[in-house]
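Worksheet for the structure shown next.
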């Protein structure tokens, strides 16, 4: 019995670690897509930020400096996407793909510039585990939930905050309206362009948190291509969660759980391929309309041109 | 510039240029002395230079060929699997021979390029291609895995700062499921543990089923943590760059890791890496260049490198030397000699 409980605690902790980068990126995707801009560049934004964070932490020896450089890089590249998609009305999928390609090639190139060769960076400063006294003593779930990196606590805080901002504030109303009926936002005297810039900028910084969690919390080094599709899985979580922050977080936790279980049991019981296709299968199921159709913001992907 | 139609291709072009620059096209150091006709080159797989693994090792062998034998050398890095054939063709067109294809991922590419250039010598590392102008350089990874398994099986029964005799559980972290060299490491490892600790449990897990699995340290760390939670106090990996995740987990939880391909304790000094199962790709590459220079290129042959040929080795214990009891060291030496004498049977598949 005790052994089972310990195992459950370990799986829960693993689920959270797997899900945290996905949740950050999915929250980011939500801000962007709710404002009407498709952001399939999440993968690239995470990768660039993971790299920028490692560089900042390496040269300063301080994880917070790394976090700042990562947020800066995420913001910068998200703004490139914003300029392309909002100001120049370029195809949002193409721009997002360009960000992904740029991230993969750019970080590989910059690895050589900063560290002399590709592969993996030297060890950098990272966020240590923080134990919350009292809460961490709760059996089973305590150590899993409350002995985590600072970034995980930030994630606990950001999920409800995002929900509140998007669904309970005037800013959130304008943001959502920009993605649904931009004409109405315009008529009300609010700039659609500005709302969409806000949405995409926020998506860059949230994706950056996901990247930083990978390179400076789970690990303390950057490896080329280390995001390995997590940005796309975050998009899947976003859709599966019906563009709702709570839903996206639950979806990400579900994907994280599937992965944790696969790593726990012998791999001839659950094939590796299963967990790799799991998020996408669920996404297709949801998009196909099972269990209530997932409906994207109606002006998603359409540039808005003021009449 | 209000015209979005112009901007998109511009950004795409910029992107492609950046993507092309990603670590590509480095190398090209000319070590030729003019009087020699051998021009040797390697094509890396997607791991590329800087992988602290077999690509770097192959490059070290090539560089040694350049400095010691005075051959002209060149390195082409592959950014994606579609580069393999192009890179091989480009080197063959430029008169390089032998051209080394580093890694089993390039098997298909060598199979299709080699017949088109019958006058060029090719060599493939870690795989077998049957053609008169191709030398297949393979390693008996099982021997390295077996030694690593003996170390793990013996040390998990000892009480040290990193291991405890309470639970006899050891781990194996593989990269891409089904990758032949990794499977041979795993098979040898499991047999080695079994030989010295029949009631030990080996937890073996893989990061993924595609080549990306060699590049996901976050997942590697997660698997290692789960194995540690199940009692593993020594974990051996054959997971390329994903192994960095194992090293972090081992450091956080105070257990031993065993590295692979090169002496990883020297590359990652901060991590508790007890030893490494080394694969001397550099020796294999150097030896083949030397043979080519002497007109003895082993085309059409499968050249095997094992403990005896100094193609496989166990790295020294380094800073953990005093944690390893003398009788364990003696036993390892005994097994090493046994393998060289052919007295130990090592399975090829797990």
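Return the single residue from A:157, A:232, A:240 with maximal mean-square fluctuation; model: Gaussian network over chain A, springs between Cα atoms under 10 Å.
Fluctuation is largest for A:157.
Can you give the average number of partner chain beta-carbon atoms within 10 Å of each beta-carbon in peptide A:118-130, as a whole number? If you can, show how the numbers build up before the last one.
Values: counts 14, 15, 12, 2, 3, 8, 0, 0, 1, 0, 1, 1, 0.
The shielding value for this peptide is 4.
By how many degrees, between 0 and 90 and to the nearest 10, does the Cα long axis of helix A:63-82 differ from the longest principal axis of chain A?
With both axes taken from Cα atoms, the answer is about 30 degrees.
Sorting check: for A:163-175, A:106-118, which peptide has the highest mean count of neighbouring beta carbons within 10 Å, and how do the rest follow? Don't skip to the answer; put the middle values down first.
Numbers: A:163-175: 15.3, A:106-118: 19.3.
Descending mean neighbour count gives A:106-118, A:163-175.
First check a/c for chain B, with a ≥ b ≥ c the square roots of the eigenvalues of its C-alpha gyration tensor; if it is under 1.5, answer rounded, and if not, answer prolate when a/b is larger than b/c or oblate otherwise. Present the calculation step by step, with values, prior to reporting the outcome.
Details: a/c = 2.22, a/b = 1.41, b/c = 1.57.
Oblate is the answer for chain B, as a/c is 1.5 or above yet b/c matches or exceeds a/b.
How would you classify the protein assembly as shown from its alpha-carbon gyration tensor, with a ≥ b ≥ c the square roots of the eigenvalues: rounded for a/c under 1.5, else prolate if a/b is greater than b/c, otherwise oblate?
Numbers: a/c = 2.32, a/b = 1.37, b/c = 1.69.
Taking the square roots of the gyration eigenvalues as a ≥ b ≥ c, the protein assembly as shown is oblate.
Given segment B:253-350, what percent of its DSSP beta bridges are antiparallel, to the nearest 5? Mind dumping the intermediate values first?
Numbers: 3 of 8 bridges.
If I count the DSSP bridges inside segment B:253-350, around 40 percent turn out antiparallel.
How much mean residue ellipticity at 222 nm does chain B get from its helices, if each DSSP H run of length 4 or more adds -39500 (n - 2.57) and you divide by all residues, to the nearest 500 deg cm²/dmol? Mind showing how you got there, number by number?
Numbers: 11 runs with 140 residues, N = 350.
Helix-only estimate at 222 nm: -12500 deg cm²/dmol.
What percentage of all Cα-Cα pairs in segment A:2-287 are separated by more than 34 Å?
Working: 7869 of 40755 pairs.
I get 19 percent for the Cα pairs in segment A:2-287 exceeding 34 Å.
Other chains' Cβ within 10 Å of B:225-233 residues: what's the mean? Could the numbers behind the result be given before it?
Numbers: counts 7, 11, 2, 1, 8, 5, 0, 0, 0.
Per residue, the average neighbour count from other chains is 4.
On a C-alpha basis, how far is the centre of segment B:139-165 from the centre of segment B:236-262 in Å? Whole number, if you could?
14 Å
So for segment A:2-287, averaging the separation of alpha carbon pairs under 8 Å that are six or more residues apart and normalising by length, what relative contact order in percent results?
Working: 517 pairs, mean separation 104.2, N = 286.
Result for segment A:2-287 is 36 percent.
When DSSP beta bridges are limited to those with both residues in the protein assembly as shown, what percentage is antiparallel, rounded to the nearest 5?
Values: 8 of 48 bridges.
Counting only bridges with both partners in the protein assembly as shown, antiparallel ones make up about 15 percent.
Which value at 222 nm does chain A reach when only helices count, each DSSP H run of 4 or more adding -39,500 (n - 2.57), with the total divided by all residues and rounded to the nearest 500 deg cm²/dmol? Please report the intermediate quantities before stating the final value.
Working: 12 runs with 207 residues, N = 307.
Roughly -22500 deg cm²/dmol at 222 nm, from the helical runs in chain A.
What is the mean number of Cβ atoms from other protein chains located within 10 Å of the Cβ atom of each residue in peptide A:96-105, rounded to a whole number? Numbers along the way, then the final one.
On the way: counts 0, 2, 9, 2, 2, 8, 9, 3, 6, 11.
Partner-chain Cβ atoms within 10 Å, mean over residues of A:96-105: 5.
Once the Cα atoms of helix B:326-340 and of chain B are each reduced to a long axis, what angle between those two axes, in degrees from 0 to 90 to the nearest 10, is obtained?
It works out to around 50 degrees.
Top mean-square fluctuation among A:176, A:123, A:17, Gaussian network model of chain A, C-alpha springs under 10 Å?
Highest fluctuation of the listed residues: A:123.
How would segment A:45-116 be classified by its alpha-carbon gyration tensor: rounded, prolate or oblate, with rounded meaning a/c under 1.5 and the a/b versus b/c comparison settling the rest?
On the way: a/c = 3.57, a/b = 1.81, b/c = 1.98.
Verdict is oblate for segment A:45-116.
How tilted is helix B:4-21 with respect to the longest principal axis of chain B? Cα atoms for both, answer in degrees (0 to 90, nearest 10).
The two axes meet at around 60 degrees.
So which residue, out of A:271, A:160, A:182, gets the largest mean-square fluctuation from a GNM of chain A using Cα contacts under 10 Å as springs?
Its mean-square fluctuation being the largest, the pick is A:271.
Computed from the coordinates by the stated procedures, all read-outs in this text should not be read as laboratory data. Here the structure is a predicted model, which means the values were calculated and not measured. Cβ: placed from backbone, ideal geometry, glycine included. Neighbour counts: every protein chain shown.
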